[in-house]
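> Following this message is one structure expressed as structure tokens.
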Amino acid sequence: MDDPLITSIQGAVEASPDDVHLRLHLAELLVDAGRGAEAVAHAARVLSAEPGNQAAQRVMSGALGHGAPAADPVVLLRQADGDPPAAERVATGGEPTFDWAAADAELGEVVAPMFVSKEPADGYPADIERSTITLADVGGMQQVKERLEVSFLLPMRNPELRRTYGKSMRGGLLMYGPPGCGKTYIARAVAGELGAAFLSVALSDVLDMFVGQSERNLHDIFQAARGAAPCVLFLDEIDALGLKRSQNRNSPARTTVNQLLHELDGVDDLNEGVFVLAATNHPWDVDEALRRPGRLDRTLAVLPPDLQAREAILRHHLERRPVEGIDLGALARRTEGFTGADLALVAESAAEYAMVDSARSGVVRFIGMADLDRAVHEITPSAGPWLETARTVVEFGNRSGEYDDLRDYLKSRRML
């Protein structure tokens, strides 16, 4: 006999098929009810829309533990989209099993790459999004904004002016700096400034264990960006993807670098309207060919936030927490050298101190300056080791002046 609650939520899901949270709740109820096969289909539907959804992954694991068919994920996605589960059959005893022959018949010989096979309602390939933030949402960092405006945004926003002065659309921007300083956030803000689509690419989206597949993945990614132009294509961890070929002479990664160079060149104006941004913590490890004119030929240092930016970051992380008597200006002055990630940890640690104190005393209290001061005192800025390495690079490897921004920052910190 059907559970009335499950039946009711199933109706709600049918009425709102794109409600991820509602669908996940239904999947959890189905797992608890021992209906693993149905739970798998709903969890797979969520994962088709949000591949990184950890809650859906947990539900999927739980469902498979309840006797759900250990099906190929592509089959599960097809079933979740409404296709009849032809590959599923019921064995003796009533437990669901999986018919691999039927699955092969359904799938055919080739499964299309992820980036070109799934199309959302707005016509953009999966994983391409519209950024809702702009540089106005980035607190402080005025020098970074000005450099972005002059070297990247101004010519992109003014095509007529660009043509008048013969400014090429070719090339991209390489952002570098210590981890946790907001390079990805800035890339999203650039997409918002341009009113362009945004496609973020991580190392795991490209590299593959099979020979030739990494190059194919990279080509498919660029094709997706070209199809959604104007589009900001953000390549994270470019040092791993485009490592100096002199350091991997016998590695298959050399061919991946070659493919990346080919895609960046975009022969016959294939990259018109594709704005390439890349980020790295180790710019000195990036292959020199990637930084030649027409490729990632502009460089921007994204370093630990300045005073105004630190105050804005702290305000953002404290605004939804119960605080009292906080002097953000004083706190920002005490956190020079902290990255954005460090400042988030300061707020998190202060909240933890107040929470533990409230639990022990039985009296709920606000987060105060004493909690934040304690957090600042106990947290060591994470950019220190990176800056030490960067100092060596600036001292001995800045003959071309490409790290002048970094040199100026280190001088302001009296590290040079």
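The values are calculated or read from the model by the stated rules, or taken from the named source; none is laboratory data. From a predicted model like this one, the values you see are computed outputs, not experimental measurements. Note that each Cβ is placed from the backbone with ideal geometry, even for glycine, and that neighbours are counted across all protein chains shown. For accessibility, only protein heavy atoms count, side chains too; no ligands or nucleic acids. Shrake-Rupley method; radii C 1.70, N 1.55, O 1.52, S 1.80 Å.
> Which of the residues that make up region 174-195 are at pLDDT below 90 and either closer than 11 Å to A279 by Cβ or out of contact with any helix residue (DSSP H, G or I) (no Cβ under 7 Å at 6 or more places or on another chain) (or both)?
G195
> OK, next. How about region 153-186: which of its residues are within 21 Å of the chain's Cα centre (by Cα), not in a strand (DSSP E or B) and not charged (D, E, K, R)?
G177, P178, P179, G180, C181, G182, T184, Y185, I186
> Which one is farthest from the chain's Cα centre (by Cα) among residues in region 368-402 that are in a loop (DSSP other than H, G, I, E, B) and modelled with pLDDT of 90 or more?
G368
> Could you check region 354-394 and list, in sequence order, the residues that are of a type in the set (D, E) and either open to solvent by 70 Å² or more (accessible area, probe 1.4 Å) or more than 25 Å from G180 (Cβ to Cβ) (or both)?
D357, E378, E388
> Still on this structure: Filter region 282-295 down to the residues that are in a loop (DSSP other than H, G, I, E, B), within 27 Å of G192 (Cα to Cα) and in contact with a strand residue (DSSP E or B) (Cβ under 7 Å, 6 or more places away or on another chain) and list them by number.
Within region 282-295, just R295 meets the criteria.
> Separate question: I need every pair where a residue in region 42-58 that is more than 15 Å from H25 (Cβ to Cβ) and in contact (Cβ under 8 Å) with a residue 24 or more places away in the chain has its Cβ under 9 Å from the Cβ of a residue that is among the charged types (D, E, K, R) and open to solvent by less than 60 Å² (accessible area, probe 1.4 Å), sequence separation at least 6 or different chains.
S48/K118; A49/K118
> Check whether at least one residue in region 195-202 is surrounded by fewer than 22 Cβ atoms within 10 Å (Cβ to Cβ) and in contact with an Asp or Glu (Cβ under 9 Å, 6 or more places away or on another chain), and report yes or no.
Checking region 195-202: at least one residue is surrounded by fewer than 22 Cβ atoms within 10 Å (Cβ to Cβ) and in contact with an Asp or Glu (Cβ under 9 Å, 6 or more places away or on another chain).
Results for (1) over 30 Å from R147 (Cα atoms); (2) of a type outside the set (D, E); (3) in contact with a Ser or Thr (Cβ under 6 Å, 6 or more places away or on another chain), shown as yes or no for each residue.
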{"residue": "R333", "(1), (2), (3)": "no, yes, no"}
{"residue": "D342", "(1), (2), (3)": "no, no, yes"}
{"residue": "A350", "(1), (2), (3)": "yes, yes, no"}
{"residue": "G362", "(1), (2), (3)": "yes, yes, no"}
{"residue": "F366", "(1), (2), (3)": "yes, yes, no"}
{"residue": "L372", "(1), (2), (3)": "yes, yes, no"}
{"residue": "T392", "(1), (2), (3)": "no, yes, no"}
{"residue": "N398", "(1), (2), (3)": "no, yes, no"}
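> Right, here's the next one. Can you find a residue that is charged (D, E, K, R) and under 27 Å from D205 (Cα atoms) anywhere in region 30-40?
No, every residue in region 30-40 fails to be charged (D, E, K, R) and under 27 Å from D205 (Cα atoms).
> Another question, if that's okay. With respect to R78, determine if the residue is of a type in the set (K, R), at pLDDT 80 or above and within 30 Å of S214 (Cα to Cα). Steps first, please.
Details: of a type in the set (K, R): yes; at pLDDT 80 or above: no; within 30 Å of S214 (Cα to Cα): yes.
When the stated conditions are applied, R78 does not pass them.
> A further question follows. If we scan region 261-279, do we find a residue that is under 20 Å from C231 (Cα atoms), of a type outside the set (D, E), assigned to a loop (DSSP other than H, G, I, E, B) and open to solvent by less than 20 Å² (accessible area, probe 1.4 Å)?
yes
> Test A191 against the stated conditions and say whether it is among the hydrophobic types (A, V, I, L, M, F, W, C), in a helix (DSSP H, G or I) and surrounded by 20 or more Cβ atoms within 10 Å (Cβ to Cβ). Outline the logic, then answer.
Values: among the hydrophobic types (A, V, I, L, M, F, W, C): yes; in a helix (DSSP H, G or I): yes; surrounded by 20 or more Cβ atoms within 10 Å (Cβ to Cβ): yes.
So A191 fits the description; yes.
> What residue, of T132, T164, is touching a helix residue (DSSP H, G or I) at 6+ places or on another chain (Cβ under 9 Å), at pLDDT 75 or above and open to solvent by 40 Å² or more (accessible area, probe 1.4 Å)?
T132
> Anything in region 1-33 that is open to solvent by less than 50 Å² (accessible area, probe 1.4 Å) and among the charged types (D, E, K, R)? List them, or say none.
Of everything in region 1-33, just one residue is open to solvent by less than 50 Å² (accessible area, probe 1.4 Å) and among the charged types (D, E, K, R), namely R23.
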